[in-house]
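The values are calculated or read from the model by the stated rules, or taken from the named source; none is laboratory data. A quick note: this is a predicted structure, and the numbers were derived from the prediction, not measured. FYI the Cβ positions are ideal-geometry reconstructions off the backbone, even for glycines, and counts take in every protein chain you see. Ligands, DNA and RNA are excluded from the accessible area calculation, which covers all protein heavy atoms including side chains. Shrake-Rupley method; radii C 1.70, N 1.55, O 1.52, S 1.80 Å.
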Amino acid sequence: MQYEYDYLIVGAGMTADAAAKAIRESDAPARIGIVGIETHAPYERPPLSKALWKDDKPVESIDLGTARAGAVLHLGKHIAAVGRVAHIATDDRGDTYRYRKLLLATGASPRKLSFGSERVIAFRTLDDYRALRRYALPNARIAVVGAGFIGSEIAASLAGKGCKVTMLFPGDGIGAGRYPRSLSNFLDGYYRERGVILRAGVRVVDGRDLGDGVELALSDGTSARFDAVVAGLGVTPNTELASAAGLAVDNGIIVDAQLRTNDVDIFAAGDVANFPCAPLGTRMRVEHENAAIGMGHHAGRNMAGATDAYTTLPFFYSDLFDLGYEAVGLLDDRLDVVEQWVQPYREGVVYYLDGGRVRGVLLWNVWGQVEPARDLIAAPGPFDVESVRGRLPRSV
Ligand SMILES: Cc1cc2nc3c(=O)[nH]c(=O)nc-3n(C[C@H](O)[C@H](O)[C@H](O)COP(=O)(O)OP(=O)(O)OC[C@H]3O[C@@H](n4cnc5c(N)ncnc54)[C@H](O)[C@@H]3O)c2cc1C
């Protein structure tokens, strides 16, 4: 088959949805096509590790309603090549898609353990959620590998469902390296109190499917048996298509402030894009909902003729049992970390300073402060440990 679109979007995730809706607002009669490997229409990913477990919300509730943008969805299809001169993308079955403007919203793929099994799930998609749900029965023994965003969220959700959860991770504690050590220690205790077993400082080196379970071999020489294993080992950006098409790639697809690649008719946005972040004065690639939606929207508008720069500093958020936060900028405990607690580890603000500037802010159970935190990061300072205290929360 041969298809013709004004705007073609590769990838059918949250970025694609936001872009298609923005294009429709700017260019009412446009022909918009979206091609995605997953067989589902675009949906919200964040509930997969939290809300869907807490409220037993139906999975239908996460559908983003992309069809409202009048985009034609080609699902279960993989774009294998982009011919830039001819402006034609080709999928894995040989179908072609001619485009005027192209958006690469190919996102990121989860890192995997070195062995495979139906019971080992590198958690990312709705299908992964459904697969895990089958094993996540009360008293099921589930290993969560990794203590970053996905590992800590999914461990809390599984414990909430009565599973016997063991977290295995190479670092010192939950969120280590991102949160201050004291907060990470508190979280370790919080998880233990809720029945989660923590095994810090260990890696999974191998494993085997036992038919009715999985045996993991660990770096400390021990082995352990589980009913299922969830891997939250981080992601790598899906850049192969862009590389093969000769686009600039370096930890993501390189885009300018307008979210254009080095081909003026090809844009990139969301988890896959490496963009110039003006407020931090550096390039970055982030894996956050706010960036996916914001950059998707922005790229869509620019594909349809606008020329605005994307200047937003994306925020992100997480829920861990009944704790939650929003955060902006760089959370890195190698920076100068200033903790300001109203109630220790229940409510407070953590500032991350470098060279007299605020580079990141963690708003721990403090809400409605994302804009003031962005302003603080944009402020020239200079700030030090004393002068930054009390800057947030700010009345808005
Ligand atoms: C479980 C989970 C929980 C999360 N929770 C939070 C949270 O609490 N807060 C937060 O800020 N962020 C969170 N995130 C991150 C956020 O969801 C992502 O940043 C966002 O969904 C990225 O969207 P995207 O469209 O750029 O990429 P993706 O979601 O990766 O979508 C890209 C799509 O493109 C497809 N694709 C790739 N290559 C091709 C190709 N060649 N042809 C066709 N299709 C292709 C992929 O299969 C995929 O479906 C979470 C993510 C996960 C997985």
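Residues to consider are 391, 334, 374; find the one that is part of a loop (DSSP other than H, G, I, E, B) and buried (at least 18 other Cβ atoms within 10 Å of the Cβ).
When all the criteria are applied, what remains is 391.
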Looking only at residues that are of a type outside the set (Val, Ile, Thr) and in a loop (DSSP other than H, G, I, E, B) in the range 303-312, which one is nearest to the ligand (Cβ to nearest atom)?
310
When residue 187 is evaluated against the numbered criteria (1) surrounded by fewer than 16 Cβ atoms within 10 Å (Cβ to Cβ); (2) in a helix (DSSP H, G or I), which criterion, by number, is the only one it fails?
(1)
The one condition residue 99 fails out of (1) away from the ligand (no atom under 13 Å from the Cβ); (2) touching a helix residue (DSSP H, G or I) at 6+ places or on another chain (Cβ under 8 Å); (3) of a type in the set (Phe, Trp, Tyr) is (2)
Considering each of 119, 124 in turn, give the residue that is buried (at least 20 other Cβ atoms within 10 Å of the Cβ), within 8 Å of the ligand (Cβ to nearest atom) and of a type in the set (D, E, K, R).
124
Give just the number: which of (1) β-branched (Val, Ile, Thr); (2) in contact with a Lys or Arg (Cβ under 6 Å, 6 or more places away or on another chain); (3) more than 11 Å from the ligand (Cβ to nearest atom) does residue 59 not satisfy?
(2)
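Going through 248, 244 one at a time, which residue ends up being at pLDDT 95 or above, small (Gly, Ala, Ser), touching a helix residue (DSSP H, G or I) at 6+ places or on another chain (Cβ under 9 Å) and more than 30 Å from residue 159 (Cβ to Cβ)?
Numbers: 244 fails: touching a helix residue (DSSP H, G or I) at 6+ places or on another chain (Cβ under 9 Å).
The conditions single out 248.
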Just to verify a result, which residue in the range 19-42, among those that are open to solvent by less than 10 Å² (accessible area, probe 1.4 Å) and under 27 Å from residue 154 (Cα atoms), is farthest from the ligand (Cβ to nearest atom)?
42
Looking only at residues in the range 272-302 that are touching a helix residue (DSSP H, G or I) at 6+ places or on another chain (Cβ under 8 Å) and part of a strand (DSSP E or B), which one is nearest to the ligand (Cβ to nearest atom)?
273
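Scan 172, 206 and give me the residue that is in contact with a strand residue (DSSP E or B) (Cβ under 7 Å, 6 or more places away or on another chain), more than 22 Å from residue 226 (Cβ to Cβ) and surrounded by fewer than 16 Cβ atoms within 10 Å (Cβ to Cβ).
172 is the lone residue from the list that is in contact with a strand residue (DSSP E or B) (Cβ under 7 Å, 6 or more places away or on another chain), more than 22 Å from residue 226 (Cβ to Cβ) and surrounded by fewer than 16 Cβ atoms within 10 Å (Cβ to Cβ).
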Only residues in the range 90-108 that are closer than 10 Å to residue 9 by Cα count as the first member; pair them with residues that are modelled with pLDDT under 95 and among the small types (Gly, Ala, Ser), Cβ under 8 angstrom, at least 6 apart or cross-chain, and list the lot.
none
Going through the range 313-324 one residue at a time, which ones are more than 10 Å from the ligand (Cβ to nearest atom) and in contact (Cβ under 8 Å) with a residue 40 or more places away in the chain?
313, 320, 321, 323
Residue among 328, 358 that alone is surrounded by 19 or more Cβ atoms within 10 Å (Cβ to Cβ), in contact with a Lys or Arg (Cβ under 6 Å, 6 or more places away or on another chain) and modelled with pLDDT of 95 or more
328
Would you confirm, using the coordinates I've provided, whether residue 299 is within 20 Å of residue 284 (Cα to Cα) and either open to solvent by 10 Å² or more (accessible area, probe 1.4 Å) or outside the structural domain of residue 181 (by TED's automatic domain parsing) (or both)?
yes
